[in-house]
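Structure first, then comments.
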Amino acid sequence: MNLKRETWALICISCAAAFLLGGYEFLRSSTNTLFQAAYGTQNLPLITALMPIGLIFVLYLYGWLLSRLGARRTLFFTSLASGVVIAACYFEIRTGSKIATGVAYIFREAYIVLLIEQYWSFLNSTFGEAYARKLNGPVAGIASIGSVSGGLLLSYLAEPLGTAAMLLFAAGAVIPAALFSEFAYQKCGEPKPTLQEKEGKQGQLGIKVLSHSPLLILLLTLVMASQIVSTVLSLSFQTMLHAEMTNLDQQTAFSGQFFALLNGVSAFFQFVAAPLLLTYVSLKWIHAIIPVIHIAAATALLIHPSLKTAGFAYLIFKALDYSIFRAAKEILYIPLSFDARYRAKELIDVFGYRFSKGGTSLILTILQKIGIVIMPIYSWAALGAACLWFMLILPLIRHLPTKKT
């Protein structure tokens, strides 16, 4: 009976994530191109800095819905609502609205992490630790098939259909994603809060739960350090790409091919490396080696800045983040309470991810405005944040499970 429950969770959530991430590939590259065409690459740090403002509203709305609708209906509603917002942005962009390109750029960062983290909250409530060690990687791997497919389709469709039209594919993809996640809850059941947690009694955002848990505070700090690395590597890659390719549709097509490759590498890590490592290697070594790899990649970018080194550093970060790091990190949430899994986790993995990204971009914007050359700072910031990430592993080790299987 338990095996059947975990099998349904694996199949349904993997399929939901595959559709969602496939649609996201259409949205990510398209909004990069559309925003840069409307406002220029120099404003990428500024638009990224505005993200936390929208995230606070989105997270509070999510917490309010969770208290009133429960986990199941909240996921279904937020999925369909995301499709509506993306479609609305498309129609506004078609009328010539530059503001809509900024809205779409910001919203893409909010909706994808909010929905994905709800999937993981469900899985962390359904899998025990033994199943999580074996299945977390394959869940992400099956989901990455959607990412690879989305990237490849984007590379073929962007030029004949136009970049703006790609938003409609992203909007449509949330419909099957919502249906598969709903089926997962039907088959596996809906996790329920305790009486003390019911109706958001400990807060809609999970701040109280987070503040009383050293492990959750440490996870928040670690996530923020990792996303500083992600932000500066992303900005470095996008700046290099825009400088070396002037045609907008070529940029979009190249981005589609790049992210298809990225997700292909991630799939190998997810299906092969993650299950093997989580089964046979201690979590402390897994968590320690990841920032070391990023330190090496950032050093290479610093020594020889180019589209190739920027692309490699960004690719290896995202490939590990989507696979081994994600699979290892999620295990830490399994024994925690409902509010820790459904509220504090969203605060950490939605707001923490994007706040650090927005904060980093705000600092870069200020430095840019006062005339400091930004490109070398990207490399130094990536290297420094990766070193901080490694330092945070030492206290994290005290909270890691000791057994390997």
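Numbers at a glance
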item: Subset of the range 272-314 [of a type in the set (Phe, Trp, Tyr) and at pLDDT 90 or above]; result: 285, 312, 314
item: Close pairs from the range 230-248: first farther than 20 Å from residue 157 by Cα, partner among the basic types (Lys, Arg), Cβ under 6 Å, at least 6 apart; result: 231/357
item: Residue match in the range 54-73 (condition: out of contact with any Gly (no Cβ under 6 Å at 6 or more places or on another chain) and polar (S, T, N, Q)); result: no
item: Which listed residue is of a type in the set (A, V, I, L, M, F, W, C) and farther than 25 Å from residue 12 by Cβ, from 106, 112; result: 106
item: Selection status of residue 317, surrounded by fewer than 22 Cβ atoms within 10 Å (Cβ to Cβ), modelled with pLDDT of 90 or more and of a type in the set (A, V, I, L, M, F, W, C); result: no
item: Within the range 168-195, considering residues that are among the polar types (S, T, N, Q) and surrounded by fewer than 20 Cβ atoms within 10 Å (Cβ to Cβ), the one farthest from residue 258 (Cα to Cα); result: 194
item: Options 243, 225, 253, 260; residue that is at pLDDT 90 or above and touching a Leu at 6+ places or on another chain (Cβ under 9 Å); result: 225
item: Some residue of the range 343-354 being within 30 Å of residue 61 (Cβ to Cβ), at pLDDT 90 or above and either β-branched (Val, Ile, Thr) or not in a helix (DSSP H, G or I) (or both); result: yes
item: Of all residues in the range 1-60 being among the polar types (S, T, N, Q) and more than 18 Å from the chain's Cα centre (by Cα), the one that is modelled with the highest pLDDT; result: 7
item: Some residue of the range 145-167 being of a type in the set (Val, Ile, Thr) and surrounded by fewer than 17 Cβ atoms within 10 Å (Cβ to Cβ); result: no
item: Any chance residue 158 is in contact with a helix residue (DSSP H, G or I) (Cβ under 8 Å, 6 or more places away or on another chain) and not in a helix (DSSP H, G or I); result: no
item: The range 50-109, subset basic (Lys, Arg) and crowded, with 16+ Cβ neighbours inside 10 Å, residue nearest to residue 352 (Cα to Cα); result: 108
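The rows are residues; the columns are (1) touching a Cys at 6+ places or on another chain (Cβ under 7 Å); (2) over 26 Å from residue 348 (Cβ atoms); (3) among the β-branched types (Val, Ile, Thr).
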| residue | (1), (2), (3) |
| --- | --- |
| 114 | no, no, no |
| 117 | no, no, no |
| 121 | no, no, no |
| 124 | no, no, no |
| 128 | no, no, no |
| 141 | no, no, no |
| 150 | no, yes, no |
| 160 | no, yes, no |
| 174 | no, no, yes |
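The values are calculated or read from the model by the stated rules, or taken from the named source; none is laboratory data. The structure displayed is predicted, hence computed values, not measured ones. Glycine also receives a Cβ, built like all others from the backbone with ideal geometry; neighbour counts cover every protein chain displayed.
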